[in-house]
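J.: Pasting a structure here, questions to come.
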Amino acid sequence: MSELNLSTDETRVSYGIGRQLGGQLRDNPPPGVSLEAIVAGLTDAFNGAESRVNEADLSASFQVIREVMQAEAAAKAEAAAGAGKAFLAENAQREGVITLASGLQYEVVTTGEGAKPGRDDTVRTHYHGTLIDGSVFDSSYQRGQPAEFPVGGVIAGWTEALQLMNAGSKWRLYVPSELAYGAQGVGSIAPHSVLIFDIELLDVL
């Protein structure tokens, strides 16, 4: 195979388009995805060639794969829900962990002496968020920049906890999925995920 020429703007952009498509497929691969078949379909479509698979068969196969993906997603969500409940049940037994009526759990790391915010207040915080397996999904500490937001404009677990904290406090929150993103999930957070936050309430603005 001849070496690919990537010395021009046109070829670099072409390569970049391919990388974007490849990244999307890597991050969300259909079951049994075939890179060879993808390249063939891309080439045929670009060249205006007749499809090698008729529309009826394509539609039927897309439906099969959709159903497989939906079943896999449902199984993952069920497993995540079970793992989350087991984690919270065990965590509740640890010394220093407080469980509220809502199901929210927290540990006090540092107690501040500043004001407590209300639901309508805006706060400045530093935080570090992980899943129960330790995977980091968001962190203002890593960005090196505190975050400001209205107390009532975040997930329910945060809204509840912030109103109990004095400015200057640092807590570790264990947020049940129903007080976070629930069955929907968001980004790298799968449906029914329990979230763990180290949250430092810097100021009530």
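Where a number appears in this text, it was derived from the coordinates with a stated rule and is not lab data. This one's a predicted model, so the numbers in the text were calculated from it and none came from an experiment. Here the Cβ positions follow ideal geometry from the backbone for every residue, glycine too, while neighbour counts run over all protein chains shown.
J.: In what order do L42, L162 fall by count of nearby beta-carbon atoms within 10 Å, going from fewest to most?
T.: Least crowded to most crowded, the residues run L42, L162.
J.: Can you list the lysines whose alpha carbon sits under 25 Å from that of K76, skipping same-chain ones fewer than 8 residues off?
T.: Cα-Cα hits under 25 Å: K85.
J.: Could you tell me which of rounded, prolate or oblate describes region 9-78, using a ≥ b ≥ c as the square roots of the eigenvalues of the alpha-carbon gyration tensor, with rounded for a/c under 1.5 and, failing that, prolate when a/b is larger than b/c and oblate otherwise?
T.: The shape class here is oblate.
J.: Below 29 Å, Cα to Cα, which lysines can K116 reach? Residues fewer than 8 away in the same chain don't count.
T.: Those lysines meeting the cut-off are K170.
J.: Note the full-extension length gain between R12 and Q142 as 0.36 nm times their separation in residues minus their Cα-Cα distance, in nm to one decimal.
T.: 43.6 nm
J.: On to the next question. Enter the angle in degrees (range 0 to 90, nearest 10) between the Cα long axis of helix 35-47 and the first principal axis of the Cα atoms of the chain, meaning the one along which they spread out most.
T.: Once rounded, the angle reads 60 degrees.
J.: How much mean residue ellipticity at 222 nm does the chain get from its helices, if each DSSP H run of length 4 or more adds -39500 (n - 2.57) and you divide by all residues, to the nearest 500 deg cm²/dmol?
T.: Helices in the chain give a 222 nm mean residue ellipticity of -13000 deg cm²/dmol.
J.: Hey, what do the phi angles of region 180-193 turn into as Karplus ³J(HN,Hα) couplings, whole Hz, using 6.51/-1.76/1.60 and θ = phi - 60°, x for Gly and Pro?
T.: 10, 10, x, 6, 7, x, 6, x, 7, 8, 6, x, 6, 7
J.: Assuming a viscosity of 1.567 mPa s and a temperature of 4 °C, what translational diffusion coefficient in µm² per second does Stokes-Einstein assign to the chain, Rh being the Kirkwood radius over Cα pairs?
T.: Estimated diffusion coefficient is 62 µm²/s.
J.: Tell me the label-point distance for the pair L21, K76, using the 7 Å Cα-to-Cβ offset, in nm and rounded to one decimal.
T.: Result for the modelled spin labels: 2.4 nm.
J.: Starting from the Cα-Cα distance between L35 and V186, subtract it from 0.36 nm times their residue separation and give me the gain in nm to one decimal.
T.: On the way: separation 151, 0.36 × 151 = 54.36 nm, distance 2.75 nm.
My answer for the length gained is 51.6 nm.
J.: Whole-Hz ³J(HN,Hα) for each residue in region 152-160, computed from phi via Karplus 6.51 cos²θ - 1.76 cosθ + 1.60 with θ = phi - 60°, x for glycine and proline: what do you get?
T.: So the Karplus estimates, Gly and Pro as x, are x, x, 10, 4, 4, x, 5, 4, 5 Hz.
J.: What is the percent of Cα-Cα separations in region 83-204 that go past 25 Å? Display every interim value, and only then the final one.
T.: Numbers: 1251 of 7381 pairs.
Counting pairs separated by more than 25 Å, the tail of P(r) holds 17 percent.
J.: Which value in nm describes the separation of the simple spin-label points at D203 and I65, placed 7 Å from the Cα toward the beta carbon?
T.: If labels sit at D203 and I65, their model points lie 5.2 nm apart.
J.: Quick check: the angle from helix 55-91's long axis to the longest principal axis of the chain, C-alpha only, nearest 10 degrees?
T.: Taking the Cα atoms of the chain, the angle to 55-91 is about 20 degrees.
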